Amino acid sequence: MRAHSQKHQLTALAAPSVIFCVAMIAFPIIYTVWISFQSTTPTGGMRFAGGGNYSRMVQDGQFWNGIWVTFYLYFLSLALQLFFGTWLALLLFNAKRLPGILRSLFISPFMMPPVVAGMMWIVILDPSLGVANYLLTSLGLPPSTWLASPALVVPTLALIDTWQWTPYVALIVLGGLQSLPPNVYEAAEIDGAPRWKKLTRITLPLLLPTLVTAMVLRSVDLLRFFDLIYITTQGGPADASLTLNIYGFRTGFEFFQLGYSGALMITLSTIVLGAVIVLNKLRQKVAW
Amino acid sequence: MSTLSNPMSDRGARIANSVMLTIAGIIVITPTFWMVLSSFKQSFEVTAYPPTLLFTPTLENYATLSERTPFLSYALNSMIVTLGSTFLGLLFGAPAAFVASWTRVTWPAIVTLVARMAPGTLFLLPWYLMFRQFDMIGSYWSLILTHGVITMPIVIWVLLPFFDNIPRSIYEAAQVDGCSPAYVFWKIALPLVSSGLVVSTILAFVFSWNYFLFSLVLSNSDTKTLIAASFNFIGEGSTNWGGLMAAATLIALPPLVLATLVQRWLISGLTLGAVKG
(Lines give C-alpha, C1' and ligand atoms only; values in the text may rest on other atoms or scores of the structure.)
Protein backbone atom coordinates (compact mmCIF):
# COMPACT_ATOMS: atom_id res chain seq x y z
CA MET A 1 0.00 0.00 0.00
CA ARG A 2 2.78 2.41 0.94
CA ALA A 3 4.83 1.43 -2.07
CA HIS A 4 1.74 2.07 -4.12
CA SER A 5 1.23 5.63 -2.87
CA GLN A 6 4.96 6.25 -3.18
CA LYS A 7 4.77 5.36 -6.85
CA HIS A 8 1.81 7.68 -7.25
CA GLN A 9 3.72 10.55 -5.72
CA LEU A 10 6.75 9.98 -7.93
CA THR A 11 4.49 9.92 -10.98
CA ALA A 12 2.86 13.14 -9.82
CA LEU A 13 6.25 14.81 -9.42
CA ALA A 14 7.33 13.83 -12.93
CA ALA A 15 3.93 14.46 -14.52
CA PRO A 16 4.21 18.21 -15.29
CA SER A 17 7.45 17.77 -17.23
CA VAL A 18 6.18 14.68 -19.05
CA ILE A 19 2.95 16.45 -20.06
CA PHE A 20 4.94 19.51 -21.11
CA CYS A 21 7.30 17.33 -23.21
CA VAL A 22 4.39 15.59 -24.91
CA ALA A 23 2.52 18.84 -25.61
CA MET A 24 5.47 21.00 -26.63
CA ILE A 25 7.99 18.50 -28.11
CA ALA A 26 6.52 15.11 -29.06
CA PHE A 27 3.15 16.23 -30.41
CA PRO A 28 4.61 19.12 -32.47
CA ILE A 29 7.10 16.75 -34.12
CA ILE A 30 4.28 14.40 -35.17
CA TYR A 31 2.28 17.43 -36.27
CA THR A 32 5.18 18.61 -38.46
CA VAL A 33 5.41 15.17 -40.09
CA TRP A 34 1.70 15.53 -40.88
CA ILE A 35 2.15 19.11 -42.14
CA SER A 36 4.90 17.94 -44.46
CA PHE A 37 2.29 15.90 -46.36
CA GLN A 38 -0.04 18.89 -46.73
CA SER A 39 -0.07 21.83 -49.06
CA THR A 40 -1.33 25.28 -48.22
CA THR A 41 -4.43 26.39 -50.13
CA PRO A 42 -4.85 30.02 -51.25
CA THR A 43 -7.37 30.54 -48.45
CA GLY A 44 -4.80 29.54 -45.82
CA GLY A 45 -6.23 26.05 -45.24
CA MET A 46 -4.45 22.71 -45.61
CA ARG A 47 -4.99 20.04 -48.21
CA PHE A 48 -3.48 16.55 -48.36
CA ALA A 49 -0.67 16.57 -50.90
CA GLY A 50 0.69 13.03 -50.60
CA GLY A 51 4.43 13.00 -51.15
CA GLY A 52 4.13 16.16 -53.24
CA ASN A 53 6.36 18.27 -51.01
CA TYR A 54 9.09 15.64 -50.98
CA SER A 55 9.05 15.11 -54.74
CA ARG A 56 9.16 18.90 -55.18
CA MET A 57 12.14 18.95 -52.84
CA VAL A 58 14.32 16.58 -54.83
CA GLN A 59 13.69 18.67 -57.96
CA ASP A 60 14.29 21.98 -56.19
CA GLY A 61 17.64 23.56 -57.01
CA GLN A 62 17.49 25.72 -53.86
CA PHE A 63 17.10 22.59 -51.75
CA TRP A 64 20.30 21.09 -53.19
CA ASN A 65 22.00 24.45 -52.83
CA GLY A 66 20.88 24.38 -49.18
CA ILE A 67 22.34 20.90 -48.68
CA TRP A 68 25.63 22.06 -50.21
CA VAL A 69 25.83 25.27 -48.14
CA THR A 70 24.89 23.40 -44.95
CA PHE A 71 27.63 20.80 -45.37
CA TYR A 72 30.23 23.26 -46.66
CA LEU A 73 29.70 25.48 -43.64
CA TYR A 74 29.54 22.45 -41.34
CA PHE A 75 32.77 20.76 -42.40
CA LEU A 76 34.74 23.99 -42.67
CA SER A 77 33.66 25.26 -39.24
CA LEU A 78 34.04 21.88 -37.54
CA ALA A 79 37.56 21.38 -38.91
CA LEU A 80 38.68 24.88 -37.86
CA GLN A 81 37.14 24.62 -34.39
CA LEU A 82 38.55 21.17 -33.66
CA PHE A 83 42.02 22.15 -34.84
CA PHE A 84 42.25 25.47 -33.02
CA GLY A 85 40.28 24.15 -30.05
CA THR A 86 42.70 21.27 -29.49
CA TRP A 87 45.64 23.59 -29.94
CA LEU A 88 44.26 26.11 -27.46
CA ALA A 89 43.49 23.29 -25.00
CA LEU A 90 47.10 22.10 -25.16
CA LEU A 91 48.31 25.67 -24.55
CA LEU A 92 46.01 25.99 -21.54
CA PHE A 93 47.02 22.56 -20.24
CA ASN A 94 50.74 23.34 -20.49
CA ALA A 95 50.41 26.73 -18.82
CA LYS A 96 51.82 26.48 -15.33
CA ARG A 97 49.14 28.62 -13.81
CA LEU A 98 45.93 29.88 -15.29
CA PRO A 99 44.59 33.17 -13.94
CA GLY A 100 40.83 33.07 -13.39
CA ILE A 101 40.43 36.23 -15.47
CA LEU A 102 41.78 34.33 -18.49
CA ARG A 103 39.08 31.69 -18.10
CA SER A 104 36.34 34.34 -17.97
CA LEU A 105 37.87 35.87 -21.06
CA PHE A 106 37.74 32.58 -22.94
CA ILE A 107 34.08 31.90 -22.10
CA SER A 108 32.94 35.35 -23.23
CA PRO A 109 32.56 34.60 -26.98
CA PHE A 110 30.30 31.57 -26.64
CA MET A 111 28.17 32.90 -23.80
CA MET A 112 27.18 36.03 -25.68
CA PRO A 113 24.11 35.70 -27.91
CA PRO A 114 25.08 34.66 -31.48
CA VAL A 115 22.92 37.57 -32.58
CA VAL A 116 25.20 40.01 -30.73
CA ALA A 117 28.23 38.34 -32.29
CA GLY A 118 26.56 38.98 -35.65
CA MET A 119 25.91 42.65 -34.86
CA MET A 120 29.49 43.26 -33.85
CA TRP A 121 31.03 41.44 -36.80
CA ILE A 122 28.79 43.34 -39.24
CA VAL A 123 30.52 46.51 -38.03
CA ILE A 124 34.02 45.01 -37.91
CA LEU A 125 33.74 43.45 -41.38
CA ASP A 126 32.07 46.39 -43.10
CA PRO A 127 33.71 46.47 -46.57
CA SER A 128 34.31 50.21 -46.67
CA LEU A 129 34.69 51.43 -43.08
CA GLY A 130 35.31 48.25 -41.08
CA VAL A 131 38.39 47.81 -38.94
CA ALA A 132 39.12 44.36 -40.46
CA ASN A 133 39.82 45.81 -43.89
CA TYR A 134 41.83 48.61 -42.33
CA LEU A 135 44.08 46.00 -40.69
CA LEU A 136 44.38 44.05 -43.95
CA THR A 137 45.34 47.11 -45.99
CA SER A 138 47.81 48.34 -43.39
CA LEU A 139 49.52 44.94 -43.66
CA GLY A 140 49.71 45.50 -47.41
CA LEU A 141 46.97 42.97 -48.18
CA PRO A 142 43.99 43.65 -50.44
CA PRO A 143 40.72 44.48 -48.64
CA SER A 144 37.96 41.86 -48.67
CA THR A 145 34.23 42.07 -49.23
CA TRP A 146 33.61 39.43 -46.51
CA LEU A 147 29.88 38.79 -45.99
CA ALA A 148 28.95 40.71 -49.14
CA SER A 149 30.77 38.30 -51.45
CA PRO A 150 29.01 35.10 -52.63
CA ALA A 151 32.35 33.31 -52.76
CA LEU A 152 33.52 34.42 -49.30
CA VAL A 153 30.33 34.50 -47.27
CA VAL A 154 30.52 30.87 -46.08
CA PRO A 155 34.20 31.02 -45.08
CA THR A 156 33.50 34.34 -43.32
CA LEU A 157 30.58 32.85 -41.36
CA ALA A 158 32.79 29.84 -40.52
CA LEU A 159 35.44 32.24 -39.27
CA ILE A 160 32.99 34.13 -37.03
CA ASP A 161 31.59 30.86 -35.66
CA THR A 162 35.12 29.59 -35.10
CA TRP A 163 35.95 32.75 -33.16
CA GLN A 164 32.84 32.19 -31.06
CA TRP A 165 33.10 28.45 -30.39
CA THR A 166 36.80 27.53 -30.42
CA PRO A 167 37.17 28.37 -26.71
CA TYR A 168 34.21 26.07 -25.96
CA VAL A 169 35.84 23.18 -27.82
CA ALA A 170 39.10 24.05 -26.05
CA LEU A 171 37.52 23.85 -22.59
CA ILE A 172 35.94 20.48 -23.45
CA VAL A 173 39.28 19.12 -24.70
CA LEU A 174 41.03 20.60 -21.66
CA GLY A 175 38.67 18.55 -19.47
CA GLY A 176 39.72 15.47 -21.45
CA LEU A 177 43.43 16.30 -21.04
CA GLN A 178 43.07 16.79 -17.30
CA SER A 179 41.42 13.40 -16.91
CA LEU A 180 44.21 11.50 -18.73
CA PRO A 181 46.15 9.30 -16.29
CA PRO A 182 49.56 10.96 -15.73
CA ASN A 183 51.42 7.64 -15.85
CA VAL A 184 50.77 7.20 -19.59
CA TYR A 185 53.77 9.45 -20.27
CA GLU A 186 56.22 7.59 -18.07
CA ALA A 187 57.39 5.05 -20.64
CA ALA A 188 57.79 7.79 -23.24
CA GLU A 189 59.78 9.89 -20.75
CA ILE A 190 62.19 7.01 -20.12
CA ASP A 191 62.62 6.45 -23.86
CA GLY A 192 63.30 10.18 -24.22
CA ALA A 193 60.64 10.51 -26.91
CA PRO A 194 60.42 14.01 -28.42
CA ARG A 195 57.55 16.30 -27.53
CA TRP A 196 55.64 16.06 -30.80
CA LYS A 197 55.86 12.28 -30.77
CA LYS A 198 54.34 12.18 -27.30
CA LEU A 199 51.57 14.38 -28.65
CA THR A 200 50.76 12.39 -31.78
CA ARG A 201 51.39 8.89 -30.43
CA ILE A 202 50.01 9.16 -26.90
CA THR A 203 48.01 12.30 -26.14
CA LEU A 204 45.90 12.64 -29.28
CA PRO A 205 44.88 8.96 -29.55
CA LEU A 206 43.85 8.98 -25.88
CA LEU A 207 41.95 12.22 -26.47
CA LEU A 208 39.89 10.79 -29.35
CA PRO A 209 36.77 10.02 -27.26
CA THR A 210 36.73 13.62 -25.96
CA LEU A 211 37.25 14.97 -29.48
CA VAL A 212 34.36 12.91 -30.79
CA THR A 213 32.17 14.21 -27.95
CA ALA A 214 33.10 17.76 -28.93
CA MET A 215 32.27 16.85 -32.54
CA VAL A 216 28.81 15.60 -31.57
CA LEU A 217 28.05 18.77 -29.61
CA ARG A 218 29.28 21.10 -32.36
CA SER A 219 27.65 19.06 -35.16
CA VAL A 220 24.22 19.43 -33.63
CA ASP A 221 24.63 23.22 -33.61
CA LEU A 222 26.48 23.60 -36.90
CA LEU A 223 24.05 21.58 -38.99
CA ARG A 224 21.27 23.84 -37.68
CA PHE A 225 23.32 27.03 -38.09
CA PHE A 226 20.74 29.83 -37.95
CA ASP A 227 21.06 32.93 -35.75
CA LEU A 228 24.31 34.32 -37.08
CA ILE A 229 23.30 33.85 -40.74
CA TYR A 230 19.84 35.28 -40.25
CA ILE A 231 21.14 38.40 -38.55
CA THR A 232 23.98 39.02 -41.03
CA THR A 233 22.96 37.85 -44.52
CA GLN A 234 19.58 36.06 -44.28
CA GLY A 235 20.95 33.54 -46.76
CA GLY A 236 22.45 35.97 -49.25
CA PRO A 237 24.18 37.23 -51.25
CA ALA A 238 22.66 35.27 -54.15
CA ASP A 239 21.63 32.38 -51.84
CA ALA A 240 25.32 31.68 -51.13
CA SER A 241 24.65 31.28 -47.40
CA LEU A 242 21.13 29.85 -47.69
CA THR A 243 21.52 26.79 -45.45
CA LEU A 244 18.75 24.23 -45.28
CA ASN A 245 17.64 25.69 -41.96
CA ILE A 246 17.43 29.27 -43.27
CA TYR A 247 15.72 28.08 -46.46
CA GLY A 248 13.18 26.07 -44.46
CA PHE A 249 12.46 28.98 -42.15
CA ARG A 250 12.00 31.47 -44.97
CA THR A 251 9.80 29.02 -46.91
CA GLY A 252 7.58 28.67 -43.86
CA PHE A 253 7.46 32.14 -42.38
CA GLU A 254 8.19 34.48 -45.27
CA PHE A 255 6.42 32.63 -48.09
CA PHE A 256 3.99 30.75 -45.81
CA GLN A 257 4.39 27.42 -47.59
CA LEU A 258 4.10 25.54 -44.33
CA GLY A 259 3.87 22.08 -45.91
CA TYR A 260 7.02 22.46 -47.94
CA SER A 261 8.80 24.04 -44.99
CA GLY A 262 7.76 21.02 -42.90
CA ALA A 263 9.26 18.64 -45.46
CA LEU A 264 12.54 20.61 -45.41
CA MET A 265 12.62 20.57 -41.60
CA ILE A 266 11.92 16.83 -41.38
CA THR A 267 14.78 16.29 -43.83
CA LEU A 268 17.15 18.52 -41.86
CA SER A 269 16.22 16.83 -38.57
CA THR A 270 16.91 13.44 -40.15
CA ILE A 271 20.33 14.68 -41.23
CA VAL A 272 21.14 15.91 -37.70
CA LEU A 273 19.92 12.65 -36.17
CA GLY A 274 21.95 10.66 -38.71
CA ALA A 275 25.10 12.63 -37.87
CA VAL A 276 24.58 12.05 -34.14
CA ILE A 277 24.10 8.30 -34.67
CA VAL A 278 27.19 8.01 -36.88
CA LEU A 279 29.32 10.00 -34.42
CA ASN A 280 28.05 7.93 -31.48
CA LYS A 281 29.11 4.77 -33.33
CA LEU A 282 32.50 6.39 -33.85
CA ARG A 283 32.67 7.25 -30.15
CA GLN A 284 32.13 3.61 -29.19
CA LYS A 285 34.92 2.62 -31.60
CA VAL A 286 37.50 4.98 -30.12
CA ALA A 287 36.55 4.40 -26.48
CA TRP A 288 39.29 3.01 -24.26
CA MET B 1 57.25 15.48 -15.76
CA SER B 2 60.68 16.30 -17.10
CA THR B 3 63.64 15.18 -15.04
CA LEU B 4 65.20 13.71 -18.17
CA SER B 5 64.55 16.41 -20.75
CA ASN B 6 66.76 19.35 -21.43
CA PRO B 7 65.98 22.22 -19.01
CA MET B 8 66.89 24.87 -21.61
CA SER B 9 64.44 23.58 -24.22
CA ASP B 10 61.88 23.22 -21.44
CA ARG B 11 62.18 26.89 -20.58
CA GLY B 12 61.95 27.83 -24.26
CA ALA B 13 58.82 25.73 -24.64
CA ARG B 14 57.24 27.39 -21.62
CA ILE B 15 57.89 30.86 -22.99
CA ALA B 16 56.57 29.86 -26.44
CA ASN B 17 53.47 28.47 -24.72
CA SER B 18 52.85 31.72 -22.85
CA VAL B 19 53.37 33.81 -25.98
CA MET B 20 50.94 31.73 -28.03
CA LEU B 21 48.40 31.75 -25.21
CA THR B 22 48.63 35.54 -25.03
CA ILE B 23 48.08 35.82 -28.79
CA ALA B 24 45.07 33.49 -28.54
CA GLY B 25 43.69 35.62 -25.71
CA ILE B 26 44.08 38.78 -27.77
CA ILE B 27 42.28 37.22 -30.75
CA VAL B 28 39.46 36.06 -28.49
CA ILE B 29 38.90 39.39 -26.77
CA THR B 30 39.64 41.97 -29.50
CA PRO B 31 36.28 41.83 -31.35
CA THR B 32 34.34 42.20 -28.09
CA PHE B 33 36.69 44.95 -26.97
CA TRP B 34 36.10 46.74 -30.28
CA MET B 35 32.33 46.48 -29.80
CA VAL B 36 32.49 48.02 -26.32
CA LEU B 37 34.97 50.66 -27.46
CA SER B 38 32.80 51.68 -30.41
CA SER B 39 29.78 52.03 -28.14
CA PHE B 40 31.56 54.90 -26.33
CA LYS B 41 32.56 56.76 -29.49
CA GLN B 42 30.83 59.80 -30.88
CA SER B 43 29.03 59.32 -34.15
CA PHE B 44 31.71 60.96 -36.29
CA GLU B 45 34.41 58.86 -34.64
CA VAL B 46 32.77 55.46 -34.82
CA THR B 47 32.80 55.48 -38.63
CA ALA B 48 36.14 57.30 -38.88
CA TYR B 49 38.56 55.83 -41.36
CA PRO B 50 41.24 54.96 -40.43
CA PRO B 51 39.57 53.77 -37.19
CA THR B 52 40.65 55.52 -34.01
CA LEU B 53 41.82 53.90 -30.79
CA LEU B 54 42.13 57.07 -28.73
CA PHE B 55 39.11 59.28 -28.33
CA THR B 56 37.05 61.13 -25.75
CA PRO B 57 34.49 58.59 -24.50
CA THR B 58 30.84 59.57 -24.47
CA LEU B 59 27.68 57.98 -23.08
CA GLU B 60 25.66 59.62 -25.84
CA ASN B 61 24.98 56.33 -27.66
CA TYR B 62 23.54 54.76 -24.53
CA ALA B 63 21.50 57.83 -23.74
CA THR B 64 19.94 58.11 -27.20
CA LEU B 65 19.18 54.37 -27.34
CA SER B 66 16.07 54.79 -25.20
CA GLU B 67 15.04 57.91 -27.11
CA ARG B 68 15.34 56.52 -30.61
CA THR B 69 14.15 52.96 -29.95
CA PRO B 70 11.83 51.34 -27.39
CA PHE B 71 14.94 49.72 -25.90
CA LEU B 72 13.61 49.70 -22.36
CA SER B 73 10.31 48.05 -23.24
CA TYR B 74 12.18 45.40 -25.30
CA ALA B 75 14.43 44.83 -22.29
CA LEU B 76 11.38 44.47 -20.07
CA ASN B 77 9.90 41.93 -22.53
CA SER B 78 13.16 39.98 -22.50
CA MET B 79 13.10 39.97 -18.69
CA ILE B 80 9.48 38.76 -18.54
CA VAL B 81 10.04 35.96 -21.05
CA THR B 82 13.41 34.91 -19.64
CA LEU B 83 12.36 34.93 -15.99
CA GLY B 84 9.05 33.26 -16.81
CA SER B 85 10.61 30.46 -18.82
CA THR B 86 13.42 29.98 -16.29
CA PHE B 87 10.82 29.62 -13.54
CA LEU B 88 8.81 27.22 -15.70
CA GLY B 89 11.95 25.17 -16.41
CA LEU B 90 12.73 24.91 -12.69
CA LEU B 91 9.14 24.19 -11.67
CA PHE B 92 8.81 21.28 -14.10
CA GLY B 93 12.44 20.25 -14.50
CA ALA B 94 13.60 20.01 -10.88
CA PRO B 95 11.03 17.39 -9.77
CA ALA B 96 11.55 15.52 -13.04
CA ALA B 97 15.31 15.36 -12.43
CA PHE B 98 14.69 14.17 -8.86
CA VAL B 99 12.38 11.38 -10.02
CA ALA B 100 14.79 10.36 -12.79
CA SER B 101 17.60 10.13 -10.24
CA TRP B 102 15.48 8.29 -7.62
CA THR B 103 13.91 5.73 -9.97
CA ARG B 104 16.85 5.55 -12.43
CA VAL B 105 14.30 5.94 -15.21
CA THR B 106 15.97 8.38 -17.58
CA TRP B 107 14.01 8.06 -20.82
CA PRO B 108 11.91 11.20 -20.20
CA ALA B 109 15.15 13.13 -19.77
CA ILE B 110 16.45 11.64 -23.01
CA VAL B 111 13.29 12.76 -24.83
CA THR B 112 14.14 16.34 -23.89
CA LEU B 113 17.43 15.96 -25.76
CA VAL B 114 15.40 15.85 -28.97
CA ALA B 115 14.57 19.48 -28.31
CA ARG B 116 18.28 20.19 -28.08
CA MET B 117 18.98 18.46 -31.41
CA ALA B 118 16.11 19.39 -33.70
CA PRO B 119 16.10 22.67 -35.65
CA GLY B 120 13.83 25.25 -34.02
CA THR B 121 11.72 25.70 -37.15
CA LEU B 122 10.61 22.06 -36.82
CA PHE B 123 8.76 23.09 -33.65
CA LEU B 124 7.88 26.55 -34.81
CA LEU B 125 5.63 25.37 -37.66
CA PRO B 126 3.18 23.42 -35.45
CA TRP B 127 3.49 25.91 -32.59
CA TYR B 128 2.61 28.73 -34.94
CA LEU B 129 -0.53 26.90 -36.04
CA MET B 130 -1.42 25.92 -32.47
CA PHE B 131 -0.93 29.39 -31.01
CA ARG B 132 -2.79 30.96 -33.94
CA GLN B 133 -5.69 28.61 -33.18
CA PHE B 134 -5.80 29.86 -29.59
CA ASP B 135 -5.14 33.46 -30.62
CA MET B 136 -1.96 33.47 -28.54
CA ILE B 137 0.53 34.80 -31.09
CA GLY B 138 2.16 37.88 -29.68
CA SER B 139 1.34 36.91 -26.10
CA TYR B 140 3.95 36.51 -23.38
CA TRP B 141 2.55 33.05 -22.70
CA SER B 142 3.45 31.72 -26.13
CA LEU B 143 7.02 32.98 -25.64
CA ILE B 144 7.36 31.67 -22.08
CA LEU B 145 6.03 28.23 -23.04
CA THR B 146 8.26 27.90 -26.11
CA HIS B 147 11.32 29.14 -24.25
CA GLY B 148 10.47 26.52 -21.63
CA VAL B 149 11.51 23.96 -24.23
CA ILE B 150 14.98 25.54 -24.02
CA THR B 151 15.13 25.88 -20.23
CA MET B 152 13.59 22.63 -19.01
CA PRO B 153 16.14 20.25 -20.61
CA ILE B 154 18.94 22.43 -19.20
CA VAL B 155 17.46 22.26 -15.69
CA ILE B 156 16.94 18.49 -15.88
CA TRP B 157 20.40 17.68 -17.21
CA VAL B 158 22.27 20.08 -14.96
CA LEU B 159 20.44 18.87 -11.83
CA LEU B 160 20.58 15.13 -12.60
CA PRO B 161 24.23 14.61 -11.56
CA PHE B 162 23.67 16.77 -8.45
CA PHE B 163 20.76 14.52 -7.36
CA ASP B 164 22.80 11.43 -8.26
CA ASN B 165 25.51 12.62 -5.87
CA ILE B 166 23.19 12.46 -2.87
CA PRO B 167 23.98 9.22 -1.02
CA ARG B 168 21.09 6.80 -1.46
CA SER B 169 21.27 5.94 2.24
CA ILE B 170 19.77 9.36 2.98
CA TYR B 171 16.72 8.53 0.84
CA GLU B 172 16.45 5.09 2.42
CA ALA B 173 16.66 6.46 5.97
CA ALA B 174 13.96 9.00 5.14
CA GLN B 175 11.74 6.24 3.76
CA VAL B 176 12.21 4.16 6.89
CA ASP B 177 11.09 7.20 8.88
CA GLY B 178 7.95 7.23 6.75
CA CYS B 179 8.72 10.31 4.66
CA SER B 180 6.88 10.53 1.34
CA PRO B 181 8.83 11.13 -1.89
CA ALA B 182 7.36 14.62 -2.15
CA TYR B 183 8.63 15.39 1.35
CA VAL B 184 12.06 13.93 0.57
CA PHE B 185 12.22 16.02 -2.59
CA TRP B 186 11.17 19.31 -1.02
CA LYS B 187 12.75 19.08 2.44
CA ILE B 188 15.82 16.89 1.94
CA ALA B 189 16.96 16.64 -1.69
CA LEU B 190 16.37 20.24 -2.88
CA PRO B 191 18.38 21.87 -0.06
CA LEU B 192 21.22 19.43 -0.78
CA VAL B 193 21.40 20.44 -4.45
CA SER B 194 21.21 24.18 -3.86
CA SER B 195 24.39 24.87 -5.83
CA GLY B 196 22.95 22.81 -8.70
CA LEU B 197 19.82 24.96 -8.55
CA VAL B 198 21.92 28.11 -8.85
CA VAL B 199 23.85 26.73 -11.83
CA SER B 200 20.76 25.47 -13.64
CA THR B 201 18.88 28.73 -12.99
CA ILE B 202 21.72 30.79 -14.41
CA LEU B 203 22.27 28.58 -17.47
CA ALA B 204 18.54 28.43 -18.19
CA PHE B 205 18.37 32.22 -17.90
CA VAL B 206 21.32 32.73 -20.24
CA PHE B 207 20.03 30.37 -22.92
CA SER B 208 16.51 31.73 -22.77
CA TRP B 209 17.84 35.30 -22.95
CA ASN B 210 20.06 34.46 -25.94
CA TYR B 211 17.39 32.58 -27.88
CA PHE B 212 16.42 34.26 -31.13
CA LEU B 213 14.17 32.17 -33.36
CA PHE B 214 10.98 31.71 -31.38
CA SER B 215 10.37 35.34 -30.52
CA LEU B 216 11.26 36.26 -34.10
CA VAL B 217 7.97 34.64 -35.15
CA LEU B 218 5.79 34.44 -32.05
CA SER B 219 6.18 37.97 -30.66
CA ASN B 220 4.54 41.15 -31.88
CA SER B 221 5.68 44.75 -31.59
CA ASP B 222 4.50 44.88 -27.96
CA THR B 223 6.13 41.66 -26.75
CA LYS B 224 9.29 41.65 -28.89
CA THR B 225 12.40 40.63 -26.95
CA LEU B 226 15.71 42.46 -27.20
CA ILE B 227 17.28 39.69 -29.28
CA ALA B 228 14.42 39.65 -31.78
CA ALA B 229 14.52 43.44 -31.91
CA SER B 230 18.17 43.36 -33.01
CA PHE B 231 16.98 43.84 -36.57
CA ASN B 232 15.54 47.23 -35.66
CA PHE B 233 18.91 48.25 -34.20
CA ILE B 234 20.72 47.07 -37.34
CA GLY B 235 18.31 49.00 -39.57
CA GLU B 236 18.99 52.00 -37.37
CA GLY B 237 22.67 51.07 -37.28
CA SER B 238 23.35 51.61 -40.97
CA THR B 239 23.62 55.25 -40.05
CA ASN B 240 24.42 54.84 -36.36
CA TRP B 241 27.09 52.27 -35.51
CA GLY B 242 27.60 53.72 -32.05
CA GLY B 243 23.99 53.07 -31.13
CA LEU B 244 24.14 49.57 -32.62
CA MET B 245 27.24 48.72 -30.59
CA ALA B 246 25.71 50.19 -27.43
CA ALA B 247 22.65 47.99 -27.95
CA ALA B 248 24.82 44.93 -28.63
CA THR B 249 26.89 45.60 -25.50
CA LEU B 250 23.82 45.94 -23.30
CA ILE B 251 22.19 42.78 -24.74
CA ALA B 252 25.37 40.76 -24.15
CA LEU B 253 25.93 42.05 -20.63
CA PRO B 254 23.50 39.91 -18.57
CA PRO B 255 24.60 36.54 -20.02
CA LEU B 256 28.29 37.44 -19.76
CA VAL B 257 28.07 38.55 -16.14
CA LEU B 258 25.98 35.54 -15.13
CA ALA B 259 28.18 33.03 -16.98
CA THR B 260 31.24 34.31 -15.13
CA LEU B 261 29.55 33.42 -11.84
CA VAL B 262 29.11 29.75 -12.77
CA GLN B 263 32.37 29.22 -14.68
CA ARG B 264 33.27 26.13 -12.67
CA TRP B 265 30.17 24.23 -13.78
CA LEU B 266 29.84 25.82 -17.17
CA ILE B 267 31.22 23.11 -19.43
CA SER B 268 29.50 20.16 -17.75
CA GLY B 269 26.30 22.20 -17.80
CA LEU B 270 26.57 23.27 -21.43
CA THR B 271 27.33 19.77 -22.64
CA LEU B 272 24.33 18.46 -20.66
CA GLY B 273 26.56 16.14 -18.69
CA ALA B 274 28.45 14.72 -21.70
CA VAL B 275 31.69 16.26 -20.41
CA LYS B 276 32.81 16.65 -16.82
CA GLY B 277 34.28 20.17 -16.57
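The values are calculated or read from the model by the stated rules, or taken from the named source; none is laboratory data. Since we're looking at a predicted model, the values are computed, not measured. Cβ: placed from backbone, ideal geometry, glycine included. Neighbour counts: every protein chain shown.
Structure notes:
- For region A:93-113, a tally of residues being more than 7 Å from chain B (Cβ to nearest Cβ) and either modelled with pLDDT of 90 or more or part of a helix (DSSP H, G or I) (or both) returns 4.
- Residue within region B:107-117 that is exposed (fewer than 15 other Cβ atoms within 10 Å of the Cβ) and touching a Leu at 6+ places or on another chain (Cβ under 8 Å) present: no
- When residues of region A:90-121 are limited to those that are among the β-branched types (Val, Ile, Thr) and crowded, with 17+ Cβ neighbours inside 10 Å, the one nearest to residue B:11 (Cα to Cα): A:107
- Just so you know, in region A:220-262 the residues that are of a type in the set (Gly, Ala, Ser) and surrounded by fewer than 22 Cβ atoms within 10 Å (Cβ to Cβ) include one that is nearest to the other protein chains (Cβ to nearest Cβ), and it is A:236.
- Take the conditions (1) within 9 Å of chain A (Cβ to nearest Cβ); (2) touching a residue at least 40 places away in the same chain (Cβ under 8 Å); (3) of a type in the set (A, V, I, L, M, F, W, C); residue B:144 misses just one of them, which is (1).
- Screening residue B:201 on (1) within 12 Å of chain A (Cβ to nearest Cβ); (2) among the polar types (S, T, N, Q); (3) within 15 Å of the chain's Cα centre (by Cα) shows it passes everything except condition (1).
- Looking only at residues in region B:130-150 that are of a type in the set (A, V, I, L, M, F, W, C) and surrounded by fewer than 16 Cβ atoms within 10 Å (Cβ to Cβ), the one that is modelled with the highest pLDDT is B:141.
- Check on residue A:205, surrounded by fewer than 18 Cβ atoms within 10 Å (Cβ to Cβ) and assigned to a loop (DSSP other than H, G, I, E, B): no
- Residue list for region A:36-56, filter: under 26 Å from the mean Cα position of the chain (by Cα) and buried (at least 19 other Cβ atoms within 10 Å of the Cβ): A:36
- Within region B:221-260, the set of residues being part of a loop (DSSP other than H, G, I, E, B) and either facing chain A (nearest Cβ under 8 Å) or closer than 14 Å to residue B:75 by Cα (or both) comprises B:221, B:222, B:223, B:224, B:225, B:226, B:227, B:228, B:229.
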